[in-house]
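Everything on this sheet refers to the single structure shown next.
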Amino acid sequence: MIGCTLVKKIGGNKVLWGVIVETEAYSQKEPACHGHKKRTPSNQTLFGEPGRFYIYLTYGIYHCVNIVTDKSEWASGVLLRALSMPDEEERICSGPGLLARKFKLDRTYDNRPISKKNGLWVINKSSSLKNQKIVKTTRIGISQAKDLQWRWYLQSSRSVSKRAKGDQLPSTKKSWSPSIENSP
DNA sequence: TCAATGATTAGC
DNA sequence: CTAATCATTGAT
């Protein structure tokens, strides 16, 4: 999903968009996944059709946006952790809660299929990241299965929420940011 | 390190 | 029913 553009329709003919630069994977087979134990009304979207948004409230304050993956009856998804937005919006979506806040996404968007018709969709623009390095590392903010390296981020992006140990973006090097190429 | 904040769940 | 937990964030 890294390099894909998340797009939300806002009002008549305007859209809000940003490029996904950080993600995490979750699977029923490991204990950090919401669907690891059992299917409930709150996590059922995760067990449903792939290609839908799974959105939940966390810590009472923030929402997190996921894309359901794999197959029905098997809980798995990708958490969108950070977006890079055009121009002056740098680091405004650097964390899953901030991302959901900026795009005003909540439970009303839960279980919606990814589609332009529904006002929230994703476009594959990952070819714009040609020759760009993707860092693979451990997930953040979980208490179980901390060892799995199921977090990925675009090394050259300043919008990544938290960098892996030892991975500092040199101030001399120009960071990656979205261009017209990534626009919907 | 810790508080804010509320839905959800484990346990009785 | 109650207490603990939680895929977070921002401030210290």
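Of all positions in the stretch A:3-21, none carries a residue that is among the aromatic types (Phe, Trp, Tyr), at pLDDT 95 or above, more than 22 Å from A:Ser179 (Cβ to Cβ) and more than 16 Å from DNA strand B (Cβ to nearest atom). For the stretch A:36-50, indicate whether the set of residues that are within 13 Å of DNA strand C (Cβ to nearest atom), under 17 Å from the mean Cα position of the chain (by Cα) and either among the polar types (S, T, N, Q) or surrounded by 15 or more Cβ atoms within 10 Å (Cβ to Cβ) (or both) is non-empty. Within the stretch A:36-50 (the criterion being within 13 Å of DNA strand C (Cβ to nearest atom), under 17 Å from the mean Cα position of the chain (by Cα) and either among the polar types (S, T, N, Q) or surrounded by 15 or more Cβ atoms within 10 Å (Cβ to Cβ) (or both)), the answer is yes, since at least one residue qualifies.
Is it true that some residue in the stretch A:107-127 is more than 8 Å from DNA strand C (Cβ to nearest atom), in contact (Cβ under 8 Å) with a residue 24 or more places away in the chain and within 22 Å of A:Lys162 (Cα to Cα)? Yes, the stretch A:107-127 contains at least one residue that is more than 8 Å from DNA strand C (Cβ to nearest atom), in contact (Cβ under 8 Å) with a residue 24 or more places away in the chain and within 22 Å of A:Lys162 (Cα to Cα). Reported count of residues in the stretch A:165-182, each being within 17 Å of the chain's Cα centre (by Cα) and in a loop (DSSP other than H, G, I, E, B), is 2. Which residues, taken from the stretch A:140-155, are part of a loop (DSSP other than H, G, I, E, B) and more than 14 Å from DNA strand B (Cβ to nearest atom)? Correct list: A:Ile142, A:Ala145, A:Lys146, A:Asp147, A:Leu148, A:Gln149, A:Trp150, A:Gln155.
What residue, of A:Arg39, A:Arg81, A:Arg91, is of a type outside the set (A, V, I, L, M, F, W, C) and within 16 Å of DNA strand B (Cβ to nearest atom)?
Being of a type outside the set (A, V, I, L, M, F, W, C) and within 16 Å of DNA strand B (Cβ to nearest atom) holds for just one of A:Arg39, A:Arg81, A:Arg91, which is A:Arg39.
The values are calculated or read from the model by the stated rules, or taken from the named source; none is laboratory data. Computed from a predicted structure; not experimentally measured. Don't worry about glycine lacking a Cβ; one is built from the backbone with ideal geometry, like all the others, and counts go over all protein chains shown.
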